[in-house]
């Protein structure tokens, strides 16, 4: 077995954080912008986001939710109202105080003191309060309910330590906001959104997740219940990839979202909110990337197939390009996962072999190289990103396939790659959830560093609340651990709480997390 | 001929501004948000924007332009640099000065004085300077050119007087930014974008436009050439619906966008930028709306066909709904303008006749009502929004069509509606451009109010510059007029300048404008 020379300089096993940064840069997905906490999302990263948006938006619309757009600026008064209703209200936000710049007389510009706003405006960190205002206007009677809205938007939360895609001051997301007649209907919507996120993560992003309710201390401020999807990264850490909140009547009280019920009396609405963001892209990188770069699941790949003509700067190139265009058109006429195959003929100048590695690092699911001999023999040199290396000779694992036969089955191959990436991540997740640990000493030993990427623990607990829960959180914090969620599909409790030694009531996942 | 009772309370002929507001509210497109200068875009308005986005984005991608995302915040220093390079730099912008709120001790919140930013950040009014920074990083050699980027984003320009869709402090748009080796290539891109806007406006929005170059005084600050598409509204005013700028090397100098040319020496790039915004929706309203509400061109209609079952709150409703679902599926299987027909079965409770008027006001191209008798006779009661009234009896102009025959030709009918809306707007525009006026006295008479909606004048001028142009602009301003553009397809000049009495060199459009 020969030595494989991988395309990246850092390996996952050696330095996961440095590897993550290298993938982003080697796949040309994003970069630091020079503006504090904000990144530039480059075409390949943004193309993946556009695919996620399209697929998620289809799911959102299929559920009867309607897209709207609400103001980016929220008056201070809304947050004052919210602070009165919501404990733990977060205050790290960008505040607009002036509406004009003027020359400072020294060649520079300053905010014009004469253009100071009477009331500062906050750049939305999330839109519960401003959408609550709209809901209060829109809802009069039970006939107006449920009210199901969503927006795709940028939001800003001032972050001191940032990491591309995972934690940036500005990020892109969708936020669903719904109002309902009663608890039952609102909780149903909370679960519908959660299930939609699970399906999108697993089916579209090939990202296996654990759905479950967050413990009290991890709830969104103002929420009665917060549910999440948690994904396992290849370093064993958890990534919260989406949340769905049942907000009770808390925000309805703050914004005055009331309706006349079927009996004619006035009631407060029960509301929900749910969101996923560009953070998901960080999850895709850390779940599917390998030591050669990113691997993009076909459903969210901007280009699923890239054709590289082996040009030689000779007149024969023209015939080869024409032939490749024919191949491209034949592939584009195929479908995979119920959509036309997205195929790019990469005509840029340069050696095919060098361009091949660009696309390997970017993680295009299939790369096809075509030289003049392949053209004559009706062959295609096919490289699958999920089966990149020939372990026997340490070389790229090209399949020299019959042209027409391969094109006919290309849809099936793409679906197989999608399935392979999911199965690999699912098996890894399942192998790295450890059960049976019954004491904090064992927890500490499990995370003592002997195993570099230890994964998650599923333990039993008595669901303490208040001060008792705070004590648990502190204990875990010392080990850099957090409670991720109460897995919806966990077995019933049958033991003793690992923290309180009381009888356990349910099982929870604990892990290090992004 | 009977009297028609229109669905709106205000007629275009009586009070165009009030009519515009009523359409927006009657079609449930948008509303004031309560946040200064910002609106809430409601599902029907946002759905139209999503359609425009989709169609424009397809055109942008087809031209090889790649979508990215850049930070919403721009450091003050970028604008200081720009102010040094760009005359007429606009300063009405939202300025972020703090990154935290704290309690003021009196139950309120204030910006935390300890969280004052060292350098204020500006909420992007447009992104030339921040994208220029990225281009300076990305471009090294002529091989990296042309660099073709676009982003879909929200931008903020502080506006004192706002009007929904037409002028709001926050609005949604796309902004293309490109860098090129030389003037020729950049000017070519400027025109490509302009032609793309013309095609999208005319083919997708059914909005006839005049393309042409803006005069010097109307250029984007920093641009060497600014080109626009100008559309005529039904009150005869002009709406600038999109612009494309050739920026020379001005922004390249400010941001340091340099490349090594084919001979190895360093050159500044020539850049362009081009944008269209949610303002286009205002143009659609004012070009196609009538005294019954909005009329949405089929290509940009979120629902092109709406089916209204005539429910009677009886057990028979079930069979009728099942039948309507069958009709819906049959229509959805048809295509119009190369896309599947977008059809909605509106099952909400309520009388079909009342829901009919909702959809008329919203401007759905085709409304189909189905009662049990229609079901038995395989008939559909079809109402075309472009042929709403029967002038003979003053009633809605229903066509009682054979079900299968109508469904088979529904794609053609939608395309005909699209064409009709365009032809109507084009004929109105052509009928309201007046030529042959040769003196300012005639201009003043033309706009003296005798004709309530006088339209545009095409006049000849000597293309004065500097102070002479300023004088012209002042003269026009007294009549509330502006120069719109130099129509690309105007005849050659053959007369005398209406302003300077010198020999004319070209023709310009003058008009009142939004």
(request) Please report the orientation-averaged projected area of the range A:178-294, defined via the convex hull of its C-alpha atoms, in nm². (result) 8.2 nm²
(message) I'd like the distance between the alpha-carbon centres of the range B:141-178 and the range B:229-287, rounded to an integer number of Å.
(response) 9 Å
(request) For every helix of n ≥ 4 consecutive DSSP H residues, a contribution of -39,500 (n - 2.57) applies; sum these over the protein assembly as shown, divide by its total residues, and give [θ] at 222 nm rounded to the nearest 500 deg cm²/dmol. (result) -10000 deg cm²/dmol
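Could you tell me what percent of the DSSP beta bridges with both partners in the protein assembly as shown are antiparallel, to the nearest 5?
Values: 153 of 183 bridges.
Roughly 85 percent of the DSSP beta bridges within the protein assembly as shown come out antiparallel.
What translational diffusion coefficient, in µm²/s and rounded to a whole number, does the Stokes-Einstein relation yield for the range B:465-511 at 10 °C and a viscosity of 1.306 mPa s, taking the hydrodynamic radius as the Kirkwood radius over Cα pairs? Before the final figure, lay out the partial values.
Values: Rh = 11.4 Å.
Rounded, D is 139 µm²/s.
For the range B:140-179, compute the orientation-averaged projected area of the C-alpha convex hull (one quarter of its surface), in nm². Write down the numbers at each step before the final one.
Working: hull surface 14.8 nm².
Computing the convex hull of the Cα atoms and averaging its projections yields 3.7 nm².
Kirkwood hydrodynamic radius, the range A:352-501, all distinct C-alpha pairs: what's the number in Å? Mind dumping the intermediate values first?
On the way: mean 1/r = 0.0503 Å⁻¹.
Computed over the range A:352-501, the radius equals 19.9 Å.
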(request) Quick one: with label points 7 Å out along Cα→Cβ, list the inter-copy distances for residue B:319 in nm, shortest first? (result) 7.0
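Efficiency by 1/(1 + (r/R0)^6): what FRET value for residue A:182 and residue A:404, r their Cβ-Cβ distance, R0 = 56 Å, to the nearest 0.05?
On the way: r = 59 Å, r/R0 = 1.06.
It comes out at approximately 0.40.
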(request) Would you mind listing the distances between the residue A:467 label point and the same position in each other copy? Use 7 Å along Cα-to-C-beta, nm, one decimal, shortest first. (result) 8.4
(message) With just the Cα atoms defining each centre, how far is the range A:458-486 from the range B:440-482? Give it in Å.
(response) 74 Å
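Taking N as the number of residues in the range B:40-197, what is its Cα Rg relative to 2.2 N^0.38 Å? Numbers along the way, then the final one.
Values: Rg = 18.9 Å, N = 158, 2.2 N^0.38 = 15.1 Å.
The range B:40-197 yields a ratio of 1.26.
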(message) Between the range B:19-83 and the range B:386-422, how far is it from one alpha carbon centroid to the other, in angstrom?
(response) 32 Å
(request) With no solvent and one equal point scatterer per Cα, compute the Debye intensity ratio I(q)/I(0) for the protein assembly as shown at 0.08, 0.09 Å⁻¹ and report its log10, rounded to two decimals. (result) -0.93, -1.19
(request) Kindly state, to the nearest 0.05, the FRET efficiency for residue B:57 paired with residue B:337, given R0 = 22 Å and r defined as their beta-carbon distance. (result) 0.85
(message) Going 7 Å from Cα along the Cα-Cβ axis for the label, what nanometre distances separate residue B:412 from the same residue across the other copies?
(response) 4.1
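Does the range B:22-115 come out rounded, prolate or oblate, given a ≥ b ≥ c as the square roots of the eigenvalues of its C-alpha gyration tensor, rounded meaning a/c under 1.5 and, failing that, prolate meaning a/b above b/c? Walk me through the numbers before you get to the answer.
Numbers: a/c = 2.25, a/b = 1.23, b/c = 1.83.
Because a/c hits 1.5 or more and a/b fails to exceed b/c, the range B:22-115 counts as oblate.
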(request) Send over the semi-axes of the range B:298-416's equivalent ellipsoid, whole angstrom and largest first, taken as the square roots of 5 times the C-alpha gyration tensor eigenvalues. (result) 20, 17, 14
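What is the average number of partner chain Cβ atoms found within 10 Å of a Cβ in B:39-52?
Mean shielding by partner chains, rounded to a whole number: 4.
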(message) Please compute, for peptide B:63-69, the average count of beta-carbon atoms on other protein chains lying within 10 Å of each residue's beta-carbon.
(response) 6
(request) Over chain B, calculate the relative contact order: mean separation of alpha carbon pairs under 8 Å at least 6 apart, over the residue count, as a percent. (result) 15 percent
(request) Could you give me the percent of Cα pairs per 10 Å distance bin for the range B:16-288, shortest bin first, beginning at zero and ending with the bin that holds the maximum distance? (result) 6, 26, 33, 22, 10, 2, 0
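Of the DSSP beta bridges with both residues in the range B:16-288, give the percent that are antiparallel, rounding to the nearest 5. Show your work: numbers first, answer last.
On the way: 51 of 54 bridges.
Of the beta bridges lying entirely in the range B:16-288, close to 95 percent run antiparallel.
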(message) Just checking the output field for B:140-152: average partner chain Cβ neighbours within 10 Å of each residue's Cβ?
(response) 1
(request) Grab the eigenvalues of the alpha-carbon gyration tensor for chain B, scale each by 5, take roots, and send me the semi-axes largest first in whole angstrom. (result) 44, 30, 24
(message) Highest mean first, how do B:55-66, B:155-166, A:243-254 rank when packing is the count of other Cβ atoms within 10 Å averaged over residues?
(response) A:243-254, B:155-166, B:55-66
(request) Provide the descending list of Cα extents for the range A:64-134 along its principal axes, expressed in whole angstroms. (result) 54, 30, 19
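Quick check on chain B: of the DSSP beta bridges with both residues there, what percent are antiparallel, nearest 5%?
Here the antiparallel bridges make up roughly 85 percent for chain B.
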(message) With 19 Å as the cut-off, how large is the P(r) tail for the range B:356-441, expressed as percent of Cα-Cα pairs?
(response) 54 percent
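Full extension from residue B:163 to residue B:116: what is 0.36 nm times the residue separation minus their Cα-Cα distance, to one decimal in nm?
On the way: separation 47, 0.36 × 47 = 16.92 nm, distance 3.33 nm.
Here the segment from residue B:163 to residue B:116 would lengthen by 13.6 nm.
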(request) Can you pull the one-decimal nm distance between simple spin-label points at residue B:265 and residue B:137, each 7 Å off the Cα toward Cβ? (result) 3.0 nm
(message) How large is the translational diffusion coefficient of the range A:433-511 in µm² per second when you combine the Kirkwood radius over alpha carbon pairs with Stokes-Einstein at 4 °C and 1.567 mPa s?
(response) 103 µm²/s
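Readers should treat all values here as calculations from the given coordinates under stated rules, not as data from a laboratory. These numbers come from a predicted model, not from an experiment. Cβ atoms come from the backbone with ideal geometry, glycine included; neighbour counts cover every protein chain shown.
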